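Quick notes on the structure that follows.
Every read-out reported here was derived from the displayed coordinates using simple, explicitly stated rules and does not represent laboratory data. Keep in mind it's a predicted model, so treat the numbers as computed, not measured. Using ideal geometry, Cβ is built from the backbone for each residue, glycine included, and neighbour counts are taken over all protein chains shown.
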Amino acid sequence: MRFDIAARVRRSTGFTLEARFSCQADSVGVTGPSGSGKSTLLDAVAGIEPGARVVLGGTDLGSVPIERRGVAYVSQDPLLFPHLSVRANLLFSPRASDLGEVPDALGIRPLLDRMPRNLSGGERRRVALGRAILSRPKVLLLDEPFGGLDETRRRDAMSLLDRVRSSYRLPMVLVSHVAEELAALTDWTVRLEEGRVISSGPTVAALREAETRIDNYFEGEVVSAGRVRVEGTELACLLPERLSGRVRLACYAHDILLAREAPRAISARNVFSVRVANVIRIAEAVLVEIEKPALRALLTTEAATSLGLSPGTEAFAVVKATSVVYLGPA
Amino acid sequence: MESIRLSLTVGLSATLLSLPPAVAVAWYLERGRGPGRGFLQTVVMLPLVLPPVVVGYLLLKLFSPRGLLGGVLDRCGTPVAFHWLGAVVAAAVVGFPLFVLMIALAMKGVEPRLEVIARLLGRSRWRTFWSVTLPLSWPGILSGAAIAFARGLGEFGATIILAGRIPGETETIPLSIYAELESSGGETRIGTLVLASIALCILGVLLARGLDRWHRRRLELLR
């Protein structure tokens, strides 16, 4: 779809959004720091904020009333109609004639007769997404749709959205500040700062300019105080006292070091042998996926080259105990 | 007691009569984007601050057989002045500002983004009002109705001017108490009427509070 968007919104707070970009893409990502105008841009595209010239797929939406724009909006807050059942929410749009396969695709068929207040956060988001799809939109706007979800649910939601995008051939505009989400779901990324577009280009190129901070989220079994077993490897980490059972953990990809030989006399509490599964180049950085445990390490291209890392390479991973963060029980 | 029955009929009729315009005005004041909202608000609130006798006098001018509306209604066989309908109109007009205030407050509590989502999903403003705004403000509207009913029950000044004091026709509880005060030996009847008045008003206010609490709890639950 061809996106031609020129938005000019002035807020009484003094904030001004002056964003203009054009692209030919299936899915556009909008990123930038908090307060950069990402949500305001989505509001302008949707027609909630007046003052935007929006041409989508050759149709000028400027003079089209909001209800006939064919724009579906899913925000971080799912905003389900609280007085209506899940079924009535899904069929709320006059363009939604029947549920079809959407409840199955989103795994919400068992919830159809429930009221929104009896749903979990993740379920609400899926219903909101289903409601948006059933309104047969020309474009789907998503504002931080994975915000506030734990890692497992975030991954589920991402793969679901990816399936939705490919099965319904639905052009999307996705607001996110997570490089991984933009990389997985968009092919064009617009970066905003202080209400202005500072870059607009293919997502791969946009991520090259951005700080690429890709994190590891994983689960492990507590074996003793401060020690967890993750896929057969025991890791030292800082855990709350008297913890047992499975726990969720996280570690930044840039906090994992790789070495070809086992380092000795080192302060890091975790040194374990791994095998490189994959090496992904992201501009000047390289994302190295390792196995057992499945983690990702972010290295400079120079470091990866000097170590001669490629799929199958045996190496040692070095992780400080303080770099492994306890997120909560699994 | 005829006056108690009449008061209930007048109070209920006035509430029902003012419900649609109160909802419409409250929506326009709370959600409308058109001009004249400030002026409309001032006009709507006038009966709250004007002496009821003045309101009654203005209504009499409007609804008397020679008035702007009274003439037309008379020809249609629906006289208002010095008729029980006059008591209904007086109670409706005097209770209107509180009714509007309560409904506007309920509508203010409805998350505006829900209405935006409804529009984006393809519903017009009108259908959004019916399917989102109204159902979510309904308990607030009901508590507003209870307050308007209680206010209508106690209406005296505007009623006596517009509807007069016709026993069995326009003599509501307050008018009946006034009449008993003028006659001798009506102490027992006055006592009964006062007690009935207090009981009905307490009932109305309790109902309003109950509905308001239910509304708040529902909104919290729905969040």
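Laid out as a table, the results:
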| read-out | value |
| --- | --- |
| Scattering curve values for the stretch A:2-209, log₁₀ I(q)/I(0), Debye with Cα scatterers, q = 0.11, 0.13 Å⁻¹ | -0.50, -0.70 |
| Candidate lysines - alpha carbon under 21 Å from A:LYS320, same-chain residues fewer than 8 apart omitted | A:LYS292 |
| Debye intensity ratio I(q)/I(0), log10, the protein assembly as shown, q values 0.06, 0.08 Å⁻¹ (C-alpha model) | -0.49, -0.73 |
| Candidates A:MET115, A:MET158, A:MET172, ranked by Gaussian network fluctuation over chain A, Cα under 10 Å, top entry | A:MET115 |
| Protection proxy ranking of A:228-238, A:118-128 - average other beta-carbon atoms within 10 Å, highest first | A:118-128, A:228-238 |
| Mean residue ellipticity (222 nm) of chain B, computed from DSSP H runs ≥ 4 via -39,500 (n - 2.57), nearest 500 | -25500 deg cm²/dmol |
| CD proxy at 222 nm, helix term only [per DSSP H run n ≥ 4: -39500 (n - 2.57); per residue of chain A; nearest 500] | -6000 deg cm²/dmol |
| Most fluctuating residue given options A:ASP104, A:ASP187, A:ASP255, as computed from a GNM of chain A linking Cα atoms under 10 Å | A:ASP104 |
| Rule-of-thumb Rg ratio for the stretch A:103-184 [Cα; 2.2 N^0.38 Å; N residues] | 1.07 |
| Kirkwood Rh in Å, taken over chain B so that all alpha-carbon pairs contribute | 18.7 |
| Within 10 Å of each Cβ in A:66-76, the average number of Cβ atoms from other chains | 4 |
| Neighbouring partner chain Cβ atoms per residue of B:120-130, average, 10 Å criterion | 6 |
| Net lengthening on full extension, A:ASN118/A:ARG163 (0.36 nm per residue, minus Cα-Cα) | 13.6 nm |
| Residue of A:HIS177, A:HIS254, A:HIS83 that the Gaussian network model of chain A assigns the largest fluctuation, springs spanning Cα pairs under 10 Å | A:HIS83 |
| Descending Cα extents along the principal axes, the stretch A:145-199, whole Å | 32, 27, 14 |
